[in-house]
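Worksheet: one structure, shown below.
The values are calculated or read from the model by the stated rules, or taken from the named source; none is laboratory data. What you are looking at is a predicted structure, and each value in this text was computed from that prediction instead of being measured. Methodologically, a virtual Cβ is constructed for each residue, glycine included, from the backbone with ideal geometry; neighbour enumeration extends over all protein chains shown.
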Amino acid sequence: MGKVKFDRVRLVGFGPYREATTFTFTDQLNVFVAPNERGKSTLVAGVNALFFGLPQTTDGTVFGQARYRNWDHPPGFEGELIFTVDGKSYRLRRDFQNNQISLARKEQGEYREIIAGTHNPRAQRRNLRYEEALKELLGLNSQALFEATFCLTQPLPGAGELNEKVQELLSGTGVGFKRVTDELIKELREITRFTGRRGVTAKDALEPRVLERVAEEIEKTKAGMEQDRELVDRLENYRRCLEAEEQQRAAKARALAEQEEMLSLWGKWQQLTKSYEAARMVYSQIRKSKERAGELRGELERIAEEKAAHPWGPSVPEETGEILQQLVALAEQKTNLAQELAALEAEVARVAAEEADWVRQRDHFTVDWAALGVGPAAVVESRRAQAREALAVWAEAQETARAAEENGRIRREEFILFEETDPVTLEAVKLYDSRRAFLRSRLENANLKWEKAKAELQRAKSHGIIRWGLVFLTAVLGGAVPALLPAGAGRNLLWILGGFLLGAGLGYLGGRLILPPRALAFLRKQVAVNEEQAKAAAQALDQFERQVAPFRVRFPDLAGAYRRWEKLLGEGAELARKHEEFRRRELGGFSGPAAACPLTEPGIKINVRWRDLHAFARIVTPLEKLDSLGELVAWLGAKTPGWWEGLLNEAAAFEEKRAELERLKGLRKANEEYLAKGREKEAGLAQAEVKLQAPITLLLEAAGGDYQQAGRLWTAWRELCLRAEKAAGAFEEILALEKVTTWAELEAKCDDAALKAQSFYQERQQLVAAHPGLTPLEAATAPEEIEAAYRRRQEEVARGQAELQAIDAEIRRLTMELARLEGQEPINIAEAEEDLARLEGSRAALELEADALTLAYQELTAALHDFQSTYRLRLAELTTAYFRELTADRERRIELDEAFQVTVVIDGRPVAPAQLSYGARDQLYIALRLGIARLLATETVLPFIFDDPFLNCDAGRLAKIRASLELLAGERQIILLSHRADFAAWGTPVTVKTGS
């Protein structure tokens, strides 16, 4: 079991520690108390940076140089850690600026360096030796694993992170199993891209990794070794070739100098020869020019004599040749045009004959289809549709007429009474039931009123009799009263008469009061009126019954019969309306029978379809008599579909023939127009011919009007003119060529040229006399041989120069190739073989590492289940023990399920960590850390670093935590960092020293 202890840490320019600051620790519980922001967490970061490196970053918020480099221009940026592993002391030094490290082990009183170099935490090529040594000493080589396992920082993880943290701690490295396997996959992918073939990932990567690049470098090294073996052989070969080329160049240069000297003498001799020949040729040319000028003078004189034989020549214009060409072209055009006009006239006659033949063929048609316009087939089709429509309208009209006739017959036979009666009777019949009930009711009412009036009259008469009886009675009584009086009391006649009158009056008044009088005259009149009304009602009822008696006898159901007759009447009116509508729409209001409607009278405006069909029928069958609509309908009805199809086919055939005829007419018209234009063109050509003949009339007269002969005469004249111009021009050219203006000057120049040629000849003779080697040239008779020999010498010199240039180019090429090969510095084959062996060893190591990572991945995946089943209960027991010590509660128990979900059992009831208080959760997390540390103590015992983690703990909890840490300090070193002064008593203070 490896036990690790930190003895001393020195930091320079790291965070707030500008000067060298040294921290010294004891073996057990160390306490470093300092205010906040005074470098406690920086000390932890410094330990991490010393072990695992400080990345070069520019982001001040992440772990890196930008965050921890001191700002006050420190004397350095480095650190040193003295630590002990199983009693052996080690010293680790690191320059944070360039990540240079030095790991030394103390032997015989002094530190001996065992590993040195660069360890960049983010480098592509890792320092494997250092990382392997770090893993051997600490049991891990990852900063993340170290921080996750043995560094408890502030604040502790929350309840939501607790389960994940438990899984991280259980791995023994501070990360979860999933992240461990991910790390294995990542490392394997950094080594090789063929992770899919190894069964670690789903598929291989695309880009080559370290293993593939090493294999590629091995192949390149082998190829370079093979190539450099050839390089030495090529260098020796190039040196030999260069020496031979230089020797050959010296010999070739001497021979070339001799050839060039002789070639120069030849050249001088040739130059003199050429000068002589040139002077001689100039003399000969001048002499020939003189002779030619003399000949030209004689020719000009002869031409002047010949031109005198053509007196018309000076009068014709210069463009006579063009005029003659135009006249010949016009004559040819006239000939061609005459031929074209003759052919066109024949074509016009042929087209006219064909047109006449087509016109004759038109007589074979049974119908004059031209009368139907441009498209007779479409007209036939339209008329067939109109015929179907017209026959349908006619059939409908006939059906309407038959229905109207039937309607009239029924009304005449069955309802003649309704038809012949007057409107009043029809109204009575229509209202028979209601009218009869009304009349009966009126009769009954009149009779009741009459009876009532008679009763009233009778009562009035009875009342009158009673009133008169009462008057008589009262009068008797009135007269009897004075009579009954004593005689002395006034019994006399006056008193009796007075009593009688008084009684009568009183009786009369009493009767009127008791039985008021009624006007008998009025009552008699009422009786008479009511009697008349009753008689009138009876008479009206009797008259109504007599009025409808014939209908009652004929129709038992008078109301039903009237409704049927009224329906027939309405239908008849509708049929009459339809018939009238047919007459108005189709017959133009013709009042006679529809079949007799005339078709040709202008005053009758029948429907347009009938006019179209009538006109069509007169064209198709002009011999048939179709004067009336009935005849036209009969004619249309007799036409079968086959007749219409035949007619349609004949119309289509006529259209085709008419189209052909129209084509012939158009062709004939075009030919006639073209013929007229041709004749106009012919007249124009004749006029143009006369116009062109006017300037050359004399020439045409000499040629007898023959254009060809005129052309020959004009050609002869032009040849004379051209000869004269040519001779004169040639004479002038000779004078200009010789740069003289007169014949006399030309003769003088000829003599001068003879003298100059003689001087060059004498100079050449002197050169040959001075150099006898040139004598053979004088003896040569053929200049071509001399020129050929000179060219051969030139070619030999040119070949020599070319060969010398080629040798120089080859020497330059060999020199450059030799310099290039010498500048390549070919590799040392022995060193290359050593590099190859090293690369093959690296490949083998990488393959072995890849195999190990693959096996680790497989074994880790398989061991996950074994670990869970083996250590889960043990971890739960250890964590429970530590948790009970920290909480002083012996009843609480920690349980871990198969998914490593943490549960606290309190009084037999499981409680999730989130349900605990913050202090209890911190105690639980510390207990888990201590439990895992106990499990891992069988491999490596690393110090525990607590960076102010107990923020949520009260005094009681802190006391329990202190007791646990004091107990744990017996097993491993503990470093407690805090800002609280009361923690200073927990252990030995850390010694801090500033300066070297």
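Restricting attention to region 974-992, which residues are modelled with pLDDT under 90 and surrounded by fewer than 14 Cβ atoms within 10 Å (Cβ to Cβ)?
Arg980, Ala981, Asp982
What is the residue count in region 1-25 for residues that are surrounded by 18 or more Cβ atoms within 10 Å (Cβ to Cβ), of a type outside the set (A, V, I, L, M) and under 22 Å from Glu971 (Cα atoms)?
4
Would you call Leu50 among the hydrophobic types (A, V, I, L, M, F, W, C), within 22 Å of Arg980 (Cβ to Cβ) and surrounded by 18 or more Cβ atoms within 10 Å (Cβ to Cβ)? Talk me through it step by step, then tell me what you get.
Working: among the hydrophobic types (A, V, I, L, M, F, W, C): yes; within 22 Å of Arg980 (Cβ to Cβ): no; surrounded by 18 or more Cβ atoms within 10 Å (Cβ to Cβ): yes.
The answer is no for Leu50.
Only one residue in Val348, Val359 is farther than 21 Å from Val608 by Cβ, hydrophobic (A, V, I, L, M, F, W, C) and at pLDDT below 70. Which one? Explain how you work it out, then say what you get.
Numbers: Val348 fails: at pLDDT below 70.
The match here is Val359.
Is one or more of the residues making up region 77-95 touching a residue at least 60 places away in the same chain (Cβ under 8 Å), farther than 30 Å from Ala985 by Cα, assigned to a strand (DSSP E or B) and out of contact with any helix residue (DSSP H, G or I) (no Cβ under 6 Å at 6 or more places or on another chain)? Show your work before the answer.
Our first condition is that a residue be touching a residue at least 60 places away in the same chain (Cβ under 8 Å); within region 77-95, this holds for 77-86, 89.
Next, from what is left, pick out any that are farther than 30 Å from Ala985 by Cα: 77-78.
If we keep only those that are assigned to a strand (DSSP E or B) as well, we get 78.
If we keep only those that are out of contact with any helix residue (DSSP H, G or I) (no Cβ under 6 Å at 6 or more places or on another chain) as well, we get 78.
Yes, region 77-95 contains a residue that is touching a residue at least 60 places away in the same chain (Cβ under 8 Å), farther than 30 Å from Ala985 by Cα, assigned to a strand (DSSP E or B) and out of contact with any helix residue (DSSP H, G or I) (no Cβ under 6 Å at 6 or more places or on another chain).
Only residues that are within 60 Å of the chain's Cα centre (by Cα) and modelled with pLDDT of 75 or more: list them for region 586-611, please.
Pass one, region 586-611, residues within 60 Å of the chain's Cα centre (by Cα): 608-609.
Answer for region 586-611, where residues must be within 60 Å of the chain's Cα centre (by Cα) and modelled with pLDDT of 75 or more: just Arg609.
Here is a yes/no grid of residues against (1) touching a residue at least 24 places away in the same chain (Cβ under 8 Å); (2) surrounded by fewer than 18 Cβ atoms within 10 Å (Cβ to Cβ); (3) within 60 Å of the chain's Cα centre (by Cα); (4) assigned to a helix (DSSP H, G or I):
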position: Arg383; (1), (2), (3), (4): yes, no, yes, yes
position: Arg388; (1), (2), (3), (4): no, yes, yes, yes
position: Trp394; (1), (2), (3), (4): yes, no, no, yes
position: Glu405; (1), (2), (3), (4): no, yes, no, yes
position: Arg412; (1), (2), (3), (4): no, yes, no, yes
position: Ser434; (1), (2), (3), (4): no, yes, no, yes
position: Ala437; (1), (2), (3), (4): no, yes, no, yes
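In contact with a helix residue (DSSP H, G or I) (Cβ under 7 Å, 6 or more places away or on another chain), within 27 Å of Ala342 (Cα to Cα) and surrounded by 13 or more Cβ atoms within 10 Å (Cβ to Cβ), is that true of Gly711?
Numbers: in contact with a helix residue (DSSP H, G or I) (Cβ under 7 Å, 6 or more places away or on another chain): yes; within 27 Å of Ala342 (Cα to Cα): no; surrounded by 13 or more Cβ atoms within 10 Å (Cβ to Cβ): yes.
So Gly711 does not fit the description; no.
Conditions first: (1) within 18 Å of Glu131 (Cα to Cα); (2) touching a His at 6+ places or on another chain (Cβ under 6 Å); (3) surrounded by fewer than 19 Cβ atoms within 10 Å (Cβ to Cβ); (4) not acidic (Asp, Glu). Thr84 passes all but one, so which condition is the exception?
Of (1) within 18 Å of Glu131 (Cα to Cα); (2) touching a His at 6+ places or on another chain (Cβ under 6 Å); (3) surrounded by fewer than 19 Cβ atoms within 10 Å (Cβ to Cβ); (4) not acidic (Asp, Glu), only one is false for Thr84: (2).
Would you pick out the residues in region 960-985 that are closer than 28 Å to Ala20 by Cβ and assigned to a helix (DSSP H, G or I)?
If the condition is that a residue be closer than 28 Å to Ala20 by Cβ and assigned to a helix (DSSP H, G or I), then Ala981, Phe983, Ala984 are the ones that fit.
For region 498-554, give me the residue count where each residue is modelled with pLDDT under 70, part of a helix (DSSP H, G or I) and charged (D, E, K, R).
Counting residues in region 498-554 that are modelled with pLDDT under 70, part of a helix (DSSP H, G or I) and charged (D, E, K, R) gives 1.
I need the full set of residues from region 881-919 which are charged (D, E, K, R), touching a residue at least 12 places away in the same chain (Cβ under 8 Å), out of contact with any strand residue (DSSP E or B) (no Cβ under 9 Å at 6 or more places or on another chain) and more than 18 Å from Cys953 (Cβ to Cβ), in order please.
Glu898, Asp907
Identify the residue in region 922-966 that is of a type in the set (Lys, Arg) and modelled with pLDDT under 80 and, among all such residues, is nearest to Leu878 (Cα to Cα). Show your work before the answer.
From region 922-966, those of a type in the set (Lys, Arg) are 929, 934, 957, 960, 962; that's our starting set.
When the remaining residues are screened for being modelled with pLDDT under 80, the result is 929, 934.
Numbers: Arg929: 10, Arg934: 8 Å.
This residue is Arg934.
Of Leu958, Leu935, which residue is touching a helix residue (DSSP H, G or I) at 6+ places or on another chain (Cβ under 7 Å) and surrounded by 15 or more Cβ atoms within 10 Å (Cβ to Cβ)? Spell out how you get there, then give the answer.
Details: Leu958 fails: touching a helix residue (DSSP H, G or I) at 6+ places or on another chain (Cβ under 7 Å).
After applying the criteria, what remains is Leu935.
Working carefully through the options Asp947, Asp907, Asp922, find the one that is among the charged types (D, E, K, R) and over 24 Å from Ala148 (Cβ atoms).
Matching residue, one of Asp947, Asp907, Asp922: Asp907.
Which one is farthest from Asp182 (Cα to Cα) among residues in region 198-222 that are at pLDDT 80 or above and basic (Lys, Arg)?
Lys220
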